[in-house]
1. Taking segment 118-140 as the search range and keeping residues that are in a strand (DSSP E or B) and open to solvent by less than 40 Å² (accessible area, probe 1.4 Å), which one is nearest to Y194 (Cα to Cα)?
2. Please report, ordered by residue number, the helices (runs of 4 or more DSSP H) entirely within segment 271-370 with at least 2 residues that are open to solvent by 50 Å² or more (accessible area, probe 1.4 Å).
3. Looking at segment 229-238, can you tell me whether even one residue there is hydroxyl-bearing (S, T, Y), out of contact with any His (no Cβ under 9 Å at 6 or more places or on another chain), surrounded by 14 or more Cβ atoms within 10 Å (Cβ to Cβ) and not in a loop (DSSP other than H, G, I, E, B)?
4. How many residues are part of a loop (DSSP other than H, G, I, E, B), buried (at least 18 other Cβ atoms within 10 Å of the Cβ) and over 21 Å from the mean Cα position of the chain (by Cα) when one looks only at segment 194-215?
5. Kindly indicate which of D144, D106 is among the acidic types (D, E), modelled with pLDDT of 55 or more, touching a helix residue (DSSP H, G or I) at 6+ places or on another chain (Cβ under 7 Å) and not in a strand (DSSP E or B).
6. If I go through segment 172-193 residue by residue, how many of them are open to solvent by less than 20 Å² (accessible area, probe 1.4 Å) and in contact (Cβ under 8 Å) with a residue 60 or more places away in the chain?
7. Give just the number: which of (1) open to solvent by less than 40 Å² (accessible area, probe 1.4 Å); (2) touching a strand residue (DSSP E or B) at 6+ places or on another chain (Cβ under 6 Å) does D256 not satisfy?
Amino acid sequence: MTNQEADLLLDKYLAGQCTPEEARCVEEAYRKLADSADTAVDGRRMEQAKSTVRAYLRQHLDGKQKPVRRINPAWWWSAAAVILFSFLGVWFFAGNTDHRVASIDDIHPGGNRAMLTLADGRTVMLDETQSGIIVGEADIVYQDGSSKIAALSESVEGGGPMTLTLNTPRGGTYQLTLPDGSKVWLNAASTIRYPVRFGDRERTVELEGEAYFEVAKEEKRPFKVLSQDQEIRVLGTEFNVSAYGEDEDTKTTLVDGTVEVVARQEAVILKPGQQATYNKQGVTVQSVDAAPYTAWKDGHFHFRRTPLAEIMKQISRWYDVEVVYEQGVPLETFSGKVKRDVSLKGVLNIFQWSTIDVHLEGRALIVRSK
């Protein structure tokens, strides 16, 4: 692959015309550039960025399908974006470059914030210096074992089962270890309800919002997740569920093992790397890269040609801001990875080389196209 062919491939990627193999190679080249880049932005660094990406593409796609479009020189300003923000742990690029940076105030990122509701209605605001809780045999303790949160009993007054609720606000996340040893990571603005003890035949929890599950394997007691008129059945596996009430789609993304997704009397079996999407039209299954759907658990935003509207939903929940579109929702898509522990201003830097203008008014994030 010549330098000219590498340039053509980059332009083909921005147009969304790459094969999956070509797209993976372009994105891997970008990651390698981000890993090695510093913060200087000048002509010499831009040429080095070109050389780095070209060399990677020549090595990994030599003799493969050739792109057919002419390179847009402005693409290389996206390489400058990688160099500029790599020291923040950020790499990001979009399909155009004409933009003026808006002057905005700043908002701190979310953190470990959650409220636990006990069976008798009492609530406990959980410690923000802790990352999670464990439901044990007789009590609930913090993940590091430092202190007890509440004692447990098998039932509440009246003989009913003891049900607990863990709720995260906008800008909050928390971890939960269930009585069977299964682990749950709860994303912002989410709620999970679970019993103090699972029954002999099954293990059932209810979810509103988003959570990542790492289910302990028990062949005799299937694990069920109920959400948005959907039921997920598993024995032991890892998967992510996004079931926010305001979203049209409920998405179940399988990382490991096997799950059955049941909705409206329609059942599908997922294999690792597959995602089930449930909405008014029914259930569909597609193969996906699970990383963008699970990165939040490890402290990142990760987008892969993600529509702006979806990106803004994630930003809104994590930074507790309202997104206002002044001229309708722009159709741009973005790819990249940003740490979730940076401030809002740091995340909004990703739009510097796009046609999107963004500014903050109080806690309203105003979005408009140029």
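1. Only one residue fits best here, namely V135.
2. Where helices (runs of 4 or more DSSP H) fall fully within segment 271-370 and carry at least 2 residues being open to solvent by 50 Å² or more (accessible area, probe 1.4 Å), they are 308-319.
3. Scanning segment 229-238, I find no residue that is hydroxyl-bearing (S, T, Y), out of contact with any His (no Cβ under 9 Å at 6 or more places or on another chain), surrounded by 14 or more Cβ atoms within 10 Å (Cβ to Cβ) and not in a loop (DSSP other than H, G, I, E, B), so the answer is no.
4. Result for segment 194-215: 2.
5. None of the other options fit; the residue is D106.
6. 5
7. (1)
The values are calculated or read from the model by the stated rules, or taken from the named source; none is laboratory data. This one's a predicted model, so the numbers in the text were calculated from it and none came from an experiment. All Cβ positions, glycine included, derive from the backbone under ideal geometry; neighbour counts span all protein chains shown. Each accessible area value is taken on the protein alone, full model and side chains, heavy atoms only, with ligands, DNA and RNA left out. Shrake-Rupley method; radii C 1.70, N 1.55, O 1.52, S 1.80 Å.
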